[in-house]
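The values are calculated or read from the model by the stated rules, or taken from the named source; none is laboratory data. None of these values were measured; they are calculated from a predicted model. Neighbour counts are summed over all protein chains in view; Cβ atoms, including those assigned to glycine, are modelled from backbone coordinates with ideal geometry. Heavy atoms of the whole protein, side chains included, go into the accessibility calculation; ligands, DNA and RNA do not. Shrake-Rupley method; radii C 1.70, N 1.55, O 1.52, S 1.80 Å.
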Amino acid sequence: MNNIDSIKSDLIAGYVKKFDQNNKKFSLETSDGKTFDCALTDSVYARLTQNTNENYLDCTNKIGSMLKPGQLIYAYGIDYHEKGKDDFEVKSIVFPGEQTSLYRHEEPNWWINQLRSVATCYLQWQFNYPNQAIDYKNYRTILHLAGAKKGDFLQETDTISRLVYGMASAYLCTGEDMFLEAAEKGTEYLREHMRFYDTDEDLIYWYHGIKVSGDREQKLLSSEFGDDFDSIPMYEQIYALAGPIQTYRITGDPLILSDAEKTIDLFERYYKDNEYGGYFSHIDPLTFDPLSPTLDKGNNRGKKNWNSVGDHAPAYLINLWLATGEKKYEDFLVYTADTIAERFPDDAHSPFVQERFFRDWKHDTTWGWQQNRGVIGHNLKIAWNLMRINHLRPSKTYVELAEKIAGTMPAVGSDRQRGGWYDVIERTKQANEKFYRLVWHDRKAWWQQEQAILAYLIMYGSLENKEYLKHSREAAAFYNAFFIDHDDGGVYFNVLANGMPYLLGTERLKGSHSMSCYHSTELCYLSAVYLNLLITGNPLDLYFKPKPNAFKDRILRVAPDILPKGRVKLTSVKIDGNEYSNFDANAMTVKLPNASYPLKVQATLTPTKKLI
Amino acid sequence: MEIAITNVENASIVVIDGDIDSSTAPEVQRQILPIVAENRKIIIDMSKVDFMSSAGLRTMLLIHRNSAAKKCLVILAGVKAQIAGTMKATGFYAFFTIYNNVDEALAATRGEYHDGDRLLSNA
């Protein structure tokens, strides 16, 4: 067997160990300690990571001074496989910061600026705003790379809800009214067009979507996706709440709360398995029966999965608790975390959690695309959310599992040479295999990077282990170096292993069932929160616009996320631009004044500790 | 609520007399589902149904799904305006073939009406 020794371009992500300026040679040490000898070619050029809406930041002339020991760089070059000339010949370099300890993504407004930019793109793409009014009749699921509509007529509930989440998050961070208008109009559109209120059962479920043609619309009762065909998957119901609940945090609109309560009633009465615990992943759309033979069409009868058991927390439940402080939602969060901690670890077989189950929690390794495969992002999402719930109700079990995942995943789920995180991986490997096998490709999806960034940020912020800071920096540096679309706006769906955008098929799209302004904005919002308030020690302003008497007892809760107790205080409040003093700094609540119109509340949150 | 089933010509006519709600929907399901069979034609006379709750809507959809699987033609006849409005608002209307009354529905089963002749269009 010959080795593949053709001329090959590649990427090396590593820390500069030493630099020989005279010979233009340097060595790079990767995250896992491998050293590569590199040579600067005469045509080499370099750029500093730039944010959305920033111009290209050339730093070619500074390469010599910036290749300092300890500096993380992304070196793209060519390997010729010639004996005696082993240097990796570098053609371009990305610097994530100008100095070894400075990462651009840790600048106080980095993520807020990115959030504003991404959300503004979607306003323009979906609604032609500001040239036209925001009207969700014009919303379309599929958007081309540059934001143009593709001519489809499908409006999916959970996809619109994801856009609404992005708009609400953009308002929270910027206070710019166009984002709140988009969030509220989207929430209303969902209620008017996508909601089914079952009067007999007094509960709500959400249509899969509608097909629109002019003024006509056809409602699609059950999912049209192959995985979930002719069923109501829990996944879609959960994400139907994501946008409205993030909007609820801002406005307190009681109609949103009512919809959420009645949707959760659906979960409790029809999805919950009172015998074996957890929640079923699918129910029959007519009988609401999770054990209906009709679900066999999608191999979904009596099944449970990550989405149905655990995805409640990040999608809507944490935000619902933040807005209401209700104990029943706290208990629900703890129930999801306890179920995950009890059922998902599978140390005897795999470093990855088990994500799919039969009713009795036996492992389902035969379902559809998943088989016996692990999704990197789900593992990291579990670590991230266990930490959040641990801050609410401290649990050694949650922290141990989060730390186990965080400690295990880099070796099995990340690219230790080029940086970034992979996608779907076989959960077991053969005895003669060094690596866990990548299922479809070695590309890196934007949302998998998000899970890594948020998991390691909150873990460093909470546990102060420097290893977690390192992983958060590496993940965020890779994301910001390669995922931002500086030509057309927004972020790319996938990049190749070497960081080049992959722009074919559905992965070329900006609007899609998966994308639609959700993960990219969630990443921005929570990175801004974790970095500023837990790590870099910068205050953060959040904006709210409560409707008159909307929140119970006129108490507005402004906590940005479930953070470690005592680490953040509410230090200043402005209402309609004027200083306001009736607030509780530790509880991060504002006692709103009586008003007959929506008040604009600016809350300044200040960290009590700085880690770097 | 009462249900009467008679066989006329080449179709079964199911007359529902009374409201279809969470208390009566199971009975509708119990009586109609067994007669849903391959190549059969069933006309459900809804002219004496003044109210159909969401449980009723779901039951009707269940009948529709079973009939579609068995290539059995189910026609709703004499659906009152209020119920038709509810079915349209919820998106359920489009699933059914609907005629003004049983006579027209029977004519349709004889081939005298075609799909394009449906007197109530799918909105």
Of the accessible area of chain A, with the probe set at 1.4 angstrom, what percent is carbon plus sulfur?
47 percent
So residue A:202 and residue A:124, fully extended at 0.36 nm per residue minus their Cα-Cα distance, gain in nm 24.3 nm
Where A:162, B:30, A:359 fall by accessible area, highest first, once all protein chains stay in place (1.4 Å):
B:30, A:359, A:162
So how exposed is residue A:255, as accessible area in Å² (1.4 Å probe, rounded to 10)?
90 Å²
Is any residue of the stretch A:46-62 close enough, with backbone N under 16 Å, to a label point placed 7 angstrom from the Cα of residue A:109 along the Cα-Cβ axis, and if so, which?
A:51-55
Residue-wise, which Karplus ³J(HN,Hα) couplings in Hz belong to the stretch A:117-130, taking 6.51 cos²θ - 1.76 cosθ + 1.60, θ = phi - 60°, and x for glycine or proline?
5, 5, 5, 5, 4, 5, 4, 5, 5, 7, 10, 6, 7, x
Of A:197, A:251, A:283, which is farthest along the charge dipole of the stretch A:194-290 in the positive direction, counting Lys and Arg as +1 and Asp and Glu as -1 at C-beta?
A:251
With the dipole of the protein assembly as shown defined by +1 on each Lys or Arg Cβ and -1 on each Asp or Glu Cβ, the option from B:6, A:46, A:555 whose Cα lies farthest towards the positive pole is A:46
Would you kindly state how much longer the chain becomes between residue A:470 and residue A:83 on full extension, computed as 0.36 nm times their sequence separation minus their alpha carbon distance, in nm to one decimal?
135.9 nm
Separation of the stretch A:486-538 and the stretch A:110-133 by C-alpha centroid, Å?
14 Å
State the answer as a single residue: which of A:572, A:527, A:586 lies farthest towards the positive end of the charge dipole of the stretch A:517-612, with beta carbon charges of +1 for Lys and Arg and -1 for Asp and Glu, about the Cα centre.
A:586
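Let's see if you can work this out: charge +1 on each Lys and Arg Cβ, -1 on each Asp and Glu Cβ, no other charges. What is the dipole magnitude of the stretch A:8-102 about its Cα centre, in debye to the nearest 20?
On the way: 12 positive and 14 negative charges, 33 e Å.
The dipole of the stretch A:8-102 has a size of about 160 debye.
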Reported to the nearest 10 Å², residue A:459 has, with a 1.4 Å probe, an accessible area equal to 0 Å²
Taking Cα atoms, how many degrees apart are the long axis of helix A:157-174 and the longest axis of chain A, rounded to 10 and kept between 0 and 90?
70 degrees
Mind listing P(r) for chain A? All alpha-carbon pairs, 20 Å bins, whole percents.
20, 54, 24, 2, 0
Calculate the translational D of the stretch A:540-607 in whole µm² s⁻¹ from Stokes-Einstein, where the hydrodynamic radius comes from the Kirkwood formula applied to all Cα pairs, the temperature is 10 °C and the viscosity 1.306 mPa s.
132 µm²/s
For the pairing of chain B with chain A, what total accessible surface becomes buried, with a 1.4 angstrom probe, in square angstrom to the nearest 100?
1400 Å²
Suppose accessible area is computed on protein heavy atoms with a 1.4 Å probe; arrange A:576, A:5 from highest to lowest.
A:5, A:576
Where both residues lie in the protein assembly as shown, what percent of DSSP beta bridges are antiparallel, nearest 5?
80 percent
Can you give me the distance in nm between label points at residue B:47 and residue A:229, each placed 7 Å from the Cα along the Cα-to-Cβ direction?
4.0 nm
Backbone N under 12 Å from the residue B:22 label point (7 Å along Cα→Cβ), restricted to the stretch A:165-208:
A:198-204
Could I have the simple spin-label model distance between residue A:595 and residue A:192, label points 7 Å from Cα toward Cβ, reported in nm to one decimal?
2.5 nm
Rounded to whole Hz, the Karplus (6.51, -1.76, 1.60) HN-Hα couplings of the stretch A:230-241, x for glycine and proline
6, 8, 10, x, 4, 3, 5, 5, 4, 6, 4, 8
How do A:20, A:37 stack up against each other in accessible area, from largest to smallest, with a 1.4 angstrom probe?
A:37, A:20
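How large is the dipole of chain A about the Cα centre if only Lys and Arg carry +1 and Asp and Glu carry -1, each at its Cβ, rounded to the nearest 20 debye? Present the calculation step by step, with values, prior to reporting the outcome.
Numbers: 71 positive and 81 negative charges, 266 e Å.
Dipole about the Cα centre, nearest 20: 1280 debye.
Multiply the residue separation of residue A:463 and residue A:369 by 0.36 nm, subtract the distance between their alpha-carbon atoms, and state the gained length in nm to one decimal. Mind showing how you got there, number by number?
Numbers: separation 94, 0.36 × 94 = 33.84 nm, distance 3.56 nm.
Length gained between residue A:463 and residue A:369: 30.3 nm.
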Can you pick out the pairs among A:219/B:41; A:68/A:610; A:510/A:552; A:297/A:396; A:569/A:600 whose Cα atoms lie more than 30 Å from each other?
A:510/A:552; A:297/A:396
Over the heavy atoms of residue A:361, what accessible area does a 1.4 Å probe trace out, to the nearest 10 Å²?
20 Å²
So, with points 7 Å from each Cα along the Cβ direction, the residue A:60-residue A:587 label distance in nm works out to 6.0 nm
Calculate one ³J(HN,Hα) per residue across the stretch A:595-608 by plugging θ = phi - 60° into the Karplus curve 6.51 cos²θ - 1.76 cosθ + 1.60, and present them in order as whole Hz with x for glycine and proline.
8, 9, 9, x, 8, 9, 10, 10, 10, 9, 9, 10, x, 9
Non-local amide H neighbours of residue A:373 (under 5 Å, H modeled in plane, Pro and chain starts lacking H): which ones?
A:427
Any chance you could give the angle, 0 to 90 degrees and rounded to 10, that helix A:376-392 forms with the longest Cα principal axis of chain A?
60 degrees
Other-chain or far-sequence residues with amide H under 5 Å of residue B:42's (modelled H)
B:12, B:73, B:74, B:75
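For the stretch A:539-612, run through the trypsin sites (Lys or Arg not before Pro) and keep only the ones in DSSP coil with at most 16 other Cβ atoms within 10 Å of their Cβ.
In loop regions of the stretch A:539-612 (DSSP not H, G, I, E or B), the sparsely surrounded trypsin sites (Lys or Arg not before Pro) are A:565, A:567, A:600, A:609, A:610.
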Please work out the ratio of the alpha-carbon Rg of the stretch A:1-66 to 2.2 N^0.38 Å and round it to two decimals.
1.37
I'd like the carbon and sulfur percentage of the solvent accessible area for chain B, probe radius 1.4 Å, heavy atoms only, ligands and nucleic acids excluded.
48 percent
Under 5 Å from the placed amide H of residue A:568, counting only residues 5+ away or on other chains, we find A:608
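Got the relative contact order for the stretch A:110-536 handy, in percent, Cα pairs under 8 Å and 6 or more residues apart?
Numbers: 778 pairs, mean separation 71.1, N = 427.
In percent, rounded to a whole number, it is 17.
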Give the lysines whose C-alpha is closer than 18 Å to that of residue A:85, dropping any in the same chain fewer than 8 places away, or say none.
A:8, A:24, A:25
For the Cα atoms of chain A, what angle does the longest principal axis make with the long axis of helix A:446-463, in degrees from 0 to 90, nearest 10?
90 degrees
Tell me the GluC sites (Glu not before Pro) within the stretch A:234-316 that lie in a loop according to DSSP and have at most 12 other beta-carbon atoms within 10 Å.
A:275
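Which whole-number value in Å² is the accessible area per residue of the stretch A:62-188, probe 1.4 Å?
Working: 4700 Å² over 127 residues.
Spelled out: the 1.4 Å probe surface of the stretch A:62-188, per residue, equals 37 Å².
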